[in-house]
Amino acid sequence: MYCFNKDIYQDTHSKIFQYYNEKYKNRTTPFFEDGVICQDKYNGILFFLKEAYDENSTELSRSLITDLLSSEPWGMWHHVAEWSYGLAHTTKERIPTFRNLSSQEKKDAIDSIAVINIKKTDGKPISLDANIMAQAEANANLLYQEIEAAQPRIIVCG
C-alpha cells in the first residue's frame with residue numbers, strides 16, 4: 001500500500017511556494033501553483049509537465065490544484081485522466097482495457113494525482129524548448145524539492 005505523509009507535504013509545499021511567490025513577485029503574467037491535487041486521494045502518480053497556460057486568465061496568482069478540484073477535466077486533462085486511470089488500475093496480473101471513462105471516473109483519476117509544471121509563469125500555447133530549459137535550470141532545486149515532497153512512485157513526463 002502506498003504511504004504519503006500529508007503533514008510533511010503540506011509544510012514543504014507551503015515553504016516552496018512562499019519562495020516561488022517571493023522570487024516572482026514582480027511578474028505581470030499569471031503564476032500557477034501546482035502539486036498534489038487532493039492529498040486524501042493521492043496515489044503516488046505525478047505528472048511532470050512543461051508549463052501551465054490559460055490565455056483568459058487575468059489573475060496574477062492561480063492554483064492549478066484549485067482549478068482541477070473545482071471542475072471536470074478539460075482539454076488535455078481528459079487524456080491525463082485516462083493515463084492516470086490506466087496506471088492506477090494496472091497490476092502484474094491485469095492491464096485494464098481502454099474504454100471511455102465516465103465524468104466521475106475522470107474526476108476521481110485527476111483528484112488522485114500530482115502535477116508539477118517546470119514553468120509556473122508566462123505559459124504559452126506553444127512551448128519553446130529554450131524557455132522550458134531556462135526555467136528548469138533556474139528552478140532546479142525547487143523543482144527537485146517539489147518532486148521529493150510529493151513522494152511519487154510513478155512519474156509521467158509530458
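The values are calculated or read from the model by the stated rules, or taken from the named source; none is laboratory data. Since the structure is predicted, the reported quantities are computational estimates derived from the model, not experimental observations. Neighbour counts run over all protein chains shown; Cβ positions are idealised from the backbone, glycine included. When the accessible area is computed, the model is the full protein with side chains, heavy atoms only, and any ligands, DNA or RNA have been set aside. Shrake-Rupley method; radii C 1.70, N 1.55, O 1.52, S 1.80 Å.
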Practice task
Of all residues in segment 115-141, count the ones that are surrounded by fewer than 15 Cβ atoms within 10 Å (Cβ to Cβ), within 28 Å of ASN5 (Cβ to Cβ) and touching a residue at least 12 places away in the same chain (Cβ under 8 Å).
Solution key: 1
Practice task
Please work out if ILE147 is touching a residue at least 12 places away in the same chain (Cβ under 8 Å) and closer than 17 Å to GLU51 by Cβ.
Solution key: yes
Exercise for the section: Report whether or not LEU69 is without any contact (Cβ under 8 Å) to a residue 60 or more places away in the chain, in contact with a strand residue (DSSP E or B) (Cβ under 8 Å, 6 or more places away or on another chain) and open to solvent by 70 Å² or more (accessible area, probe 1.4 Å). Expected result: no
Exercise for the section: Specify which of the listed residues (VAL36, VAL80) is closer than 18 Å to LEU143 by Cβ and in contact (Cβ under 8 Å) with a residue 12 or more places away in the chain. Expected result: VAL36
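Just to verify a result, which residue in segment 1-29, among those that are of a type in the set (Ser, Thr, Tyr) and within 16 Å of ASN43 (Cα to Cα), is modelled with the lowest pLDDT? Break it down into steps so the answer makes sense when it comes.
From segment 1-29, those of a type in the set (Ser, Thr, Tyr) are 2, 9, 12, 14, 19-20, 24, 28-29; that's our starting set.
If we keep only those that are within 16 Å of ASN43 (Cα to Cα) as well, we get 2, 9.
Numbers: TYR2: 70, TYR9: 96.
The qualifying residue modelled with the lowest pLDDT is TYR2.
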Practice task
Being closer than 17 Å to TYR2 by Cβ, free of Cβ contacts under 8 Å to residues at least 60 places away in the same chain and in contact with a helix residue (DSSP H, G or I) (Cβ under 9 Å, 6 or more places away or on another chain) is the filter; apply it to segment 87-110 and report the residue that is most open to solvent (accessible area, probe 1.4 Å).
Solution key: ALA88
Handout entry: Residues satisfying the stated conditions in segment 4-25, i.e. under 14 Å from ALA149 (Cβ atoms) and either in contact with a Pro (Cβ under 8 Å, 6 or more places away or on another chain) or exposed (fewer than 15 other Cβ atoms within 10 Å of the Cβ) (or both)
Key = ASN5, LYS6, ASP7, ILE8, GLN10, ASP11, SER14, LYS15, GLN18, TYR19
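Restrict the check to segment 39-50 and report whether at least one residue is without any contact (Cβ under 8 Å) to a residue 60 or more places away in the chain, under 30 Å from GLY86 (Cβ atoms) and open to solvent by 80 Å² or more (accessible area, probe 1.4 Å). Lay out the reasoning, then the answer.
Residues of segment 39-50 without any contact (Cβ under 8 Å) to a residue 60 or more places away in the chain: 39-40.
After this cut, where a residue has to be under 30 Å from GLY86 (Cβ atoms) as well, the list is 39-40.
Those still in the list that are open to solvent by 80 Å² or more (accessible area, probe 1.4 Å) too: 40.
So far as segment 39-50 goes, yes, one or more of its residues are without any contact (Cβ under 8 Å) to a residue 60 or more places away in the chain, under 30 Å from GLY86 (Cβ atoms) and open to solvent by 80 Å² or more (accessible area, probe 1.4 Å).
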